[in-house]
Amino acid sequence: MKFSYVFSLSLAIGIGSLILGLLLSNPVDTNPDLNLDFSQIFLTNSKIHIDLLINSIISLGIGSILFICYQFFIVGILVGGASQTVGIYSALSFFWIHGVIELLAAIIVASIIPYVYINLFLLIVKHPSKLTNLSTFFKFISILIFVNFSLVFLAALLECYVAPLFVHI
């Protein structure tokens with residue numbers, strides 16, 4: 001199975017959760033903290049992604065689905081609530097710069113373990129003789145993990161140093 005299939009399914013689940021969060025949001029007090037610490041944001045987001053990988057392995061990928069639902073739902077509630085208070089432009093002014101990259105990283109990390117489990121199952125059931133090609137498979141997984149943490153790093157940089165310049169609240 002291609003990674004793009006698992007990624008697309010994760011994206012669809014995320015968009016559904018985002019829409020649900022937008023629909024269920026209430027006005028919120030918008031007072032973003034613009035004194036952001038890069039190392040704290042990067043380490044916190046990295047810890048979340050490492051915990052997700054571990055929990056997804058333990059839960060056979062179910063943790064990934066819950067993570068995507070939670071992350072996108074919360075973003076929907078925050079953006080929806082802030083837009084009811086200060087308008088959609090002001091609400092998105094802080095989120096869009098780093099949020100798109102952060103959510104892309106969330107989809108990638110949430111897709112990795114289900115992709116591994118699905119493909120290992122298919123490999124064992126349909127093609128047990130190809131188990132010797134696992135090094136190429138895990139090399140691809142390593143690249144995905146590297147891309148994920150690169151995106152987390154980029155999102156933290158943007159959140160700390162670029163997003164505060166665009167806040168219109």
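Miscellaneous remarks
- Positions within segment 33-75 being in contact with a helix residue (DSSP H, G or I) (Cβ under 6 Å, 6 or more places away or on another chain), in a loop (DSSP other than H, G, I, E, B) and more than 25 Å from Tyr115 (Cα to Cα), in sequence order: Leu34, Leu36
- Residue check for Leu78: touching a helix residue (DSSP H, G or I) at 6+ places or on another chain (Cβ under 8 Å) and open to solvent by 60 Å² or more (accessible area, probe 1.4 Å): yes
- Scan of segment 41-57 for residues that are over 9 Å from Phe153 (Cα atoms) and among the hydroxyl-bearing types (Ser, Thr, Tyr), ordered by number: Thr44, Ser56
- Qualifying residue in segment 43-52 (condition: touching a residue at least 60 places away in the same chain (Cβ under 8 Å) and open to solvent by 90 Å² or more (accessible area, probe 1.4 Å)): no
- Test for Phe94: is it in contact with a helix residue (DSSP H, G or I) (Cβ under 6 Å, 6 or more places away or on another chain), crowded, with 17+ Cβ neighbours inside 10 Å and modelled with pLDDT of 95 or more: no
Quick grid of which residues meet (1) over 16 Å from Asn35 (Cβ atoms); (2) part of a helix (DSSP H, G or I); (3) among the hydroxyl-bearing types (Ser, Thr, Tyr); (4) at pLDDT 90 or above:
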{"residue": "Thr132", "(1), (2), (3), (4)": "yes, yes, yes, no"}
{"residue": "Lys139", "(1), (2), (3), (4)": "yes, yes, no, yes"}
{"residue": "Leu144", "(1), (2), (3), (4)": "yes, yes, no, yes"}
{"residue": "Val147", "(1), (2), (3), (4)": "yes, yes, no, yes"}
{"residue": "Ser150", "(1), (2), (3), (4)": "yes, yes, yes, yes"}
{"residue": "Leu154", "(1), (2), (3), (4)": "yes, yes, no, yes"}
{"residue": "Pro164", "(1), (2), (3), (4)": "no, yes, no, no"}
{"residue": "Ile169", "(1), (2), (3), (4)": "no, no, no, no"}
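- Residue within segment 113-122 that is free of Cβ contacts under 8 Å to residues at least 40 places away in the same chain, more than 22 Å from the chain's Cα centre (by Cα), in a helix (DSSP H, G or I) and surrounded by fewer than 16 Cβ atoms within 10 Å (Cβ to Cβ) present: yes
The values are calculated or read from the model by the stated rules, or taken from the named source; none is laboratory data. Since the structure is predicted, the reported quantities are computational estimates derived from the model, not experimental observations. Methodologically, a virtual Cβ is constructed for each residue, glycine included, from the backbone with ideal geometry; neighbour enumeration extends over all protein chains shown. Areas reflect the complete protein model, heavy atoms only, side chains present, ligands, DNA and RNA absent. Shrake-Rupley method; radii C 1.70, N 1.55, O 1.52, S 1.80 Å.
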